[in-house]
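See below for the structure under consideration.
The values are calculated or read from the model by the stated rules, or taken from the named source; none is laboratory data. All of these numbers come straight from a predicted model, not from anything done at the bench. Neighbour counts are summed over all protein chains in view; Cβ atoms, including those assigned to glycine, are modelled from backbone coordinates with ideal geometry.
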Amino acid sequence: MRPALASCVTLVLLATMWWGSHQVSDPADARWSQIAPGVWRSAGIPAGYAIIEQDRALLIGAPRDMDLNSLKSRGVKEIQHCLLTHHHRDSTARAQQFVKAGIRVRAAKVSAEWLTPEGVRQFWKTSLPIVPPDRAPVLRDRSLGLFAYLMHPEGIDGVECSLDPGQIIQWGAWQIEVLPTPGHSRDHTAFVARKADREQAVIFCGDAISTPGKIWTPYTLDWDHWTDLGTKAAAESLRKIASLKPGLLCPEHAPILAGTDVIAEALNTTVLGLDAAGFLKSYERFSKERLGNPPVYSFLARDQVATAGEKPWTKLSEHLFLSGNTYVLSSRDGDLLVVDPFGPQIAEQITKLQRSEKLGAVKVVLITHAHNDHYTGAFLLPERNKWEVWTLDAVAKPISNPFAVCAPYVDTRALEVDRIFKDGESVTWHEYQFRIGHFPGQTLFTMGVQATIDTKNCYFTADNFFHADQFSGSGGWSGRNRAWPLLYARSAKSVLDAAPDWVLAEHGGAFAFSAEDFRRRVQWSEETARVMDQLSTSTQHRHDWNPTRITVEPMLQRLAADGSLKAELILENPLLRSIDVRVELQDRGLISPFVKEFSIRGGQTLRHELKLKAIQQLPVGRHVFPLIIREASAEDPADAFLVVEN
């Protein structure tokens with residue numbers, strides 16, 4: 001056994017032994033266990049906590065399994081406060097009920113954006129926008145462009161988002177300090193509880209840490225699709241907790257950790273994992289700082305780097321032109337094929353190119369991937385009936401039906417696709433032959449295209465691979481984008497095998513191919529996957545780093561005239577073991593209930609037809625219905641929901 005792994009196992013055993021020795025065995029009511037004098041933990045995962053003093057209680061967290069009635073058996077007559085560590089709906093499932101019961105539910109000021117009715121309404125309005133028909137969406141009008149997770153369908157009416165960093169809540173003999181610990185979410189907050197007769201603090205740390213070296217739902221560390229902002233914040237938060245040297249650390253999705261040394265080692269182990277994951281968000285850092293002696297290669301058009309089509313065209317070869325995200329390929333007879341038209345000026349730009357180079361009409365528009373900063377220009381090109389849109393089936397799905405899948409950066413308008421390719425297909429256009437392939441990386445919905453152009457072996461790589469001096473060398477990896485490192489590795493190997501002369505990356509970043517560069521990209525991807533596995537509680541990042549592992553498609557449904565709808569529930573199990581899950585639709589009394597149990601073998605994906613019907617007239621607009629997914633006594637970490645429009 002490796003020393004680091006042995007150390008983690010020892011930490012878990014010590015914490016579990018301590019936790020077990022402090023539980024109160026009560027066959028009449030095992031829904032709460034005493035973990036320290038005056039401190040209790042609720043059953044289930046996620047767990048909540050209660051500080052009990054005489055006949056009063058203060059709660060931390062509001063998970064679904066937190067049973068307040070059972071506190072009566074502990075002599076509790078009054079529950080005065082409930083403090084929320086963050087907005088995720090599994091940790092705050094009962095918060096609205098608590099407010100209605102007269103309990104003062106409080107959260108950090110920064111949580112207002114994700115917990116209050118107005119904040120939640122704005123989130124869904126921005127993430128799933130309804131754009132008026134008389135206005136073209138701007139770049140930020142993009143479905144799920146905000147990287148926030150496990151949101152409530154509606155805000156919590158009456159929640160007080162008023163707690164300031166460092167604020168002290170005096171409750172009986174306890175002093176409870178508000179400690180910002182962003183990372184697991186932007187609003188994540190821990191509570192440091194101290195009592196005069198105790199030397200060390202009890203810290204209720206929410207989901208800042210799971211077991212040693214592990215993070216619950218690590219996909220929530222992706223604050224965007226390519227930077228290390230979330231992992232960096234999470235590591236800094238754990239360092240902050242460690243500096244307080246608590247005697248008891250109380251997470252929501254794992255057993256407690258007890259003892260200063262045990263806690264310090266657990267926090268340090270997790271910080272190292274977070275630092276490693278954050279470092280690996282950047283291929284540039286990996287290549288230059290980890291491996292050293294980076295390969296020498298060059299941009300094909302340095303003046304176009306990081307532009308968006310605002311600059312004049314650069315002629316890469318006799319028949320190939322580049323401006324920002326857009327390539328134009330001309331045939332010998334002058335017909336044009338446009339790759340990824342983008343920008344409000346794209347039609348004018350193409351007209352200028354046609355005039356200056358004496359070229360013919362646009363005949364084909366090729367879309368490489370489902371991010372709207374690569375295809376919104378297609379809506380602006382004139383004479384739509386005279387040209388066709390071509391793309392891979394995986395790309396066609398989200399761009400032709402923008403709300404079919406849960407994915408970010410998809411334009412709100414449907415782009416009609418005229419010709420759809422399968423992975424591995426070849427297509428001839430004039431004198432060119434294109435080899436089409438599924439090319440996942442920055443997003444799962446990506447197509448790679450190989451072609452010989454003016455004697456150059458070219459590979460259109462979308463946003464997967466940039467010159468190492470541009471955008472950290474890649475389009476970034478994130479669970480929301482369905483961008484996992486081993487998929488990057490697969491696509492990098494495809495480029496390596498093709499050994500093109502030119503890598504036609506986008507955002508103006510075309511560059512000369514280097515075999516050593518792409519060998520490093522494969523190595524970077526595989527190293528990243530190992531680090532992600534190590535941070536994952538299941539040890540498999542394709543499970544833990546995937547918010548859409550369980551999903552409903554189409555994600556957005558419009559009610560039929562009779563109030564019915566049909567959708568498909570998709571349950572993916574990337575684990576090596578079978579799992580049994582119970583899926584329940586949080587129908588809120590608005591649509592027909594759905595509860596069903598599924599057994600899913602390791603490596604299997606199940607599909608189940610959902611047939612639902614509105615049981616009362618839904619107000620006009622969009623309504624979000626989350627899925628509550630449970631495996632045994634724990635809630636599954638997938639971020640699954642259905643959106644119904646009336």
Extreme residue, farthest from Trp545 (Cα to Cα), among residues of segment 214-236 that are crowded, with 24+ Cβ neighbours inside 10 Å and among the β-branched types (Val, Ile, Thr): Thr231
Per-region count, segment 515-570, residues out of contact with any strand residue (DSSP E or B) (no Cβ under 9 Å at 6 or more places or on another chain), modelled with pLDDT of 95 or more and not in a helix (DSSP H, G or I): 4
All positions within segment 328-347 that are within 30 Å of the chain's Cα centre (by Cα) and crowded, with 18+ Cβ neighbours inside 10 Å: Val339, Asp340, Pro341, Phe342, Gly343
Hey, Asp261 in the same structural domain as Thr92 (by TED's automatic domain parsing), surrounded by fewer than 23 Cβ atoms within 10 Å (Cβ to Cβ), free of Cβ contacts under 8 Å to residues at least 12 places away in the same chain and not in a strand (DSSP E or B) or not: yes
Residue identified as polar (S, T, N, Q) and more than 30 Å from Thr231 (Cα to Cα) among Gln540, Gln557: Gln557
Scope segment 289-303; condition touching a residue at least 60 places away in the same chain (Cβ under 8 Å) and either assigned to a loop (DSSP other than H, G, I, E, B) or under 19 Å from Asn464 (Cβ atoms) (or both); matching residues: Pro294, Pro295, Val296, Tyr297, Ser298, Phe299, Leu300, Ala301
All positions within segment 118-172 that are in contact (Cβ under 8 Å) with a residue 40 or more places away in the chain and among the basic types (Lys, Arg): Arg142
Matching residues, segment 581-590, being in a strand (DSSP E or B) and either small (Gly, Ala, Ser) or within 15 Å of His543 (Cα to Cα) (or both): Val581
Residue, farthest from the chain's Cα centre (by Cα), within segment 417-430, restricted to residues that are in a loop (DSSP other than H, G, I, E, B) and under 20 Å from Val362 (Cα atoms): His430
Where a residue in segment 338-353 is in the same structural domain as Lys386 (by TED's automatic domain parsing) and closer than 13 Å to Phe321 by Cα and its partner, wherever it lies, is polar (S, T, N, Q) and in a loop (DSSP other than H, G, I, E, B), with Cβ under 6 Å and at least six apart: Asp340/Asn325; Asp340/Thr368
Filtered residues of segment 486-496 (kept if crowded, with 23+ Cβ neighbours inside 10 Å and of a type outside the set (S, T, N, Q)): Leu487, Tyr488, Ala492, Val495
Segments classed as strands (runs of 3 or more DSSP E), wholly inside segment 105-213, with at least 2 members that are in contact with a strand residue (DSSP E or B) (Cβ under 7 Å, 6 or more places away or on another chain), surrounded by 17 or more Cβ atoms within 10 Å (Cβ to Cβ) and not acidic (Asp, Glu): 160-163, 174-180, 189-195, 202-206
Hits in segment 554-568 - residues which are touching a residue at least 12 places away in the same chain (Cβ under 8 Å) and either more than 22 Å from the chain's Cα centre (by Cα) or crowded, with 20+ Cβ neighbours inside 10 Å (or both): Met555, Leu556, Gln557, Arg558, Leu559, Asp562, Gly563, Ser564, Leu565, Lys566, Ala567
Criterion: among the aliphatic types (A, V, I, L, M) and surrounded by fewer than 17 Cβ atoms within 10 Å (Cβ to Cβ) - qualifying residue of Ala95, Ala30: Ala30
Unique residue being closer than 30 Å to Val644 by Cα and of a type outside the set (Ser, Thr, Tyr) when the list is Asp423, Asp411: Asp411
Residues satisfying the stated conditions in segment 594-640, i.e. surrounded by fewer than 20 Cβ atoms within 10 Å (Cβ to Cβ), aromatic (Phe, Trp, Tyr) and in a strand (DSSP E or B): Phe598
Candidate set: segment 405-440, residues that are out of contact with any Lys or Arg (no Cβ under 8 Å at 6 or more places or on another chain), within 26 Å of Ser478 (Cβ to Cβ) and charged (D, E, K, R); chosen: the one modelled with the highest pLDDT: Asp423
Positions within segment 51-76 being among the basic types (Lys, Arg) and either closer than 18 Å to Ala190 by Cβ or modelled with pLDDT of 95 or more (or both), in sequence order: Arg56, Arg64
